[in-house]
1. Provide a single number: the residues in the range B:295-324 that are under 22 Å from B:G211 (Cα atoms) and over 15 Å from the mean Cα position of the chain (by Cα).
2. Can you tell me how many residues in the range B:124-140 are closer than 16 Å to B:E81 by Cα and outside any helix (DSSP H, G or I)?
3. So A:A178 passes all but one of these: (1) touching a residue at least 40 places away in the same chain (Cβ under 8 Å); (2) surrounded by fewer than 22 Cβ atoms within 10 Å (Cβ to Cβ). Which condition number does it fail?
4. Among the listed residues A:R60, A:R150, A:R72, identify the single one that is closer than 21 Å to B:N108 by Cα and at pLDDT below 95.
5. For the range B:59-89, which residues satisfy the criterion of being more than 11 Å from the chain's Cα centre (by Cα), within 28 Å of A:L68 (Cα to Cα) and away from DNA strand D (no atom under 15 Å from the Cβ)?
6. Here is a check on your reading of the model: is B:V32 closer than 28 Å to A:R72 by Cα, without any contact (Cβ under 8 Å) to a residue 40 or more places away in the chain, within 8 Å of DNA strand C (Cβ to nearest atom) and away from chain A (no Cβ under 14 Å)?
7. For the range A:202-212, state whether one or more residues are in a helix (DSSP H, G or I), in the same structural domain as A:A178 (by TED's automatic domain parsing) and closer than 17 Å to A:P341 by Cα.
8. For the range A:269-304, what are the residues that are within 14 Å of chain B (Cβ to nearest Cβ) and without any contact (Cβ under 8 Å) to a residue 12 or more places away in the chain?
Number of protein chains: 2
Amino acid sequence: MAEPTRSPAHRYGNRPTMKDVAARAGVGLKTVSRVVNGEAGVTPDTERRVQEAIEALGFRRNDSARVLRKGRTASVGLVLEDLADPFYGPLSRAVEEVARAHGALLINGSSAEDPDREQELALALCARRVDGLIVIPAGTDHRYLEPEMRAGIATVFVDRPAGRIDADVVLSDSFGGARAGVAHLIAHGHRRIGFIGDQPRIHTAVERLRGYRAAMEDAELAVDDAWVSLGSTEPERVRQATAAMLSGPDPVTAVFAGNNRVTVTAVRELSGRARPVAFVGFDDIELADLLGITVIAQDAAALGRTAAERLFRRLDGVDDAPARTVLDTVLIPRGSGEIPPA
Amino acid sequence: MAEPTRSPAHRYGNRPTMKDVAARAGVGLKTVSRVVNGEAGVTPDTERRVQEAIEALGFRRNDSARVLRKGRTASVGLVLEDLADPFYGPLSRAVEEVARAHGALLINGSSAEDPDREQELALALCARRVDGLIVIPAGTDHRYLEPEMRAGIATVFVDRPAGRIDADVVLSDSFGGARAGVAHLIAHGHRRIGFIGDQPRIHTAVERLRGYRAAMEDAELAVDDAWVSLGSTEPERVRQATAAMLSGPDPVTAVFAGNNRVTVTAVRELSGRARPVAFVGFDDIELADLLGITVIAQDAAALGRTAAERLFRRLDGVDDAPARTVLDTVLIPRGSGEIPPA
DNA sequence: TCGCGCGCTGACAACGTTGTCCAGGGCCTA
DNA sequence: TAGGCCCTGGACAACGTTGTCAGCGCGCGA
């Protein structure tokens, strides 16, 4: 009558299951399930017995098994670039809040701006059968997600549009924001304005550069190639780019930075200069108010919230055509953008 | 011979399963499993047939089912206070990197500094059967996790110790850091030093206050109750606290801030003052270098990394006694802490 | 009093995967 | 040539839960 050794696949440190609870309470398996899920049709007395058994055994429902049976995981995935970037923290948090309101958990993953890693992550989340996916693309080709989307995984892109597939996307107005920022510098008398952006693979980088060019063109100002620099946001790269456009025979008198990573380095570089240089940066930054940095602010939390709401509408069965939502940006003048040309 | 309607529980938009792949490839179910998992013992020819069927059907293994069978979810949970706080972003990212190196995904949740929400989140993660849990406690009683830990969910606490249970914890040296920061102010001639901290429920807040008191005591300086303020990090609260200790008959000449949230508000408040006030803050902040803010820096990424490494060592079966790891802090003088008393 | 219906309960299958085990066939050796 | 072994493949059960359905007992109406 010795207890046979448990199945070798048994892990979880031998946690009690509903079966164990049922045995202890002297009821059927399904009755335990009913109690655990608060379903109707259980006598108060039976319910009490089951509850006692649950307490005594320290039972907790295995949601892994539940998921398998129900077909919904009540979880959504978020693939972003880098959670350590202060732009993405609030975005992720906003997504989490919406998910929470819908009873879902959030699985985060950072692509580190690497398209392969983005794909690997997104597909891993699909294999987990997240109900939905929010992606901040690193790559430019998302056809790899088509089978997954067809198979029922709702997908929304944020901050940058999907590449080569038709899908929901929520964006900030990068073009308009950059154009307004550069126009602001022009309005303050600048004619030679530098632009330091992110890698040209990235949609927002291209859009903001386009905004810069549009503002210059609006004012009928020619753009010298030496004033424009796209590339990684590595501090050293940005430092050199900044230094380069401030030296030479025809230095810029103002700089527009394409995002928050560029801004922190560019501002450091500019602060060391004798001659003041006007500056406007895309993205607001904490303490930028104290430093008097003029920025084009986008609302990261609103991006995340809007995308998540779109996602859950899809999960609720709304099935209209993929939509593009564009959120406005705001120019916040704080001093650096109002410096006149030297 | 009409196709019978599929089982009503069938979701996932009718994704193909291994069974479907097996049928199409004309092989057994287990053979598909072998191919998908790269197990040995399949002829190249059979493998090719299976691969083709997988491609054709767009099959992707359902990790939910896999998890159920294998007993390991290859995921870890992280309960923190607020992902939007720039202190937690890098911490979370560091945990994610370690998890990734171990092939695990990370599920994030924010407690919003609410003990009930912390518990709800942590238990939800346990129900998902995460392999391990990293918790930045909001509450002070974690006995609710005992059954889970006994049942095999490895748990490590970060930034603040667990309450009323014995568990691994990774901390920064809050006491030593605060003491060093306040001693630094004293060394620059200050005798009346204010302390603005977080809520007294929070361990780090208490430790840092203790460090403040120790430094004052070391220098044989009495502490006036009016110089000490604990409470929420709401800007309005911090603003008032700062203003209060700077007014009155015996105003402080220096302020020590208990964390980054307090710092950003206190620095704003101080910057508007005519009379310069010395300042040291706990936690480094982006752009603090440009603002000349002296800080006690802790390494958020190292906290996360250390905790995650500890967690995965546990998951690898290491079973020694719960340990407390304390990471050093660094004083970074940048000007604000070196201002002499007015 | 009998029959019917309803409220409660439990047996059973299914979700999609993996571990175990056995069968069949080909090849090598004695 | 027979026997044994290895290699490949597949049938089956199990992971822990929930949906379906049937049965039981009791109360109420005719």
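1. Of the residues in that region, 4 qualify.
2. 8
3. A:A178 satisfies every listed condition except (2).
4. Working: A:R60 fails: at pLDDT below 95; A:R150 fails: closer than 21 Å to B:N108 by Cα.
Answer to the selection: A:R72.
5. B:F59, B:R60, B:A74, B:S75, B:V76
6. Values: closer than 28 Å to A:R72 by Cα: yes; without any contact (Cβ under 8 Å) to a residue 40 or more places away in the chain: yes; within 8 Å of DNA strand C (Cβ to nearest atom): yes; away from chain A (no Cβ under 14 Å): yes.
For B:V32, the condition - closer than 28 Å to A:R72 by Cα, without any contact (Cβ under 8 Å) to a residue 40 or more places away in the chain, within 8 Å of DNA strand C (Cβ to nearest atom) and away from chain A (no Cβ under 14 Å) - is met.
7. Start the filter on the range A:202-212 by keeping residues that are in a helix (DSSP H, G or I), which leaves A:203-212.
If we keep only those that are in the same structural domain as A:A178 (by TED's automatic domain parsing) as well, we get A:203-212.
If we keep only those that are closer than 17 Å to A:P341 by Cα as well, we get none.
No, because not a single residue in the range A:202-212 is in a helix (DSSP H, G or I), in the same structural domain as A:A178 (by TED's automatic domain parsing) and closer than 17 Å to A:P341 by Cα.
8. A:S271, A:G272, A:L287, A:L290
The values are calculated or read from the model by the stated rules, or taken from the named source; none is laboratory data. Computed from a predicted model, the values in this text were never measured in an experiment. Here the Cβ is made from the backbone with ideal geometry for all residues, glycine too, and neighbour counts use every protein chain on show.
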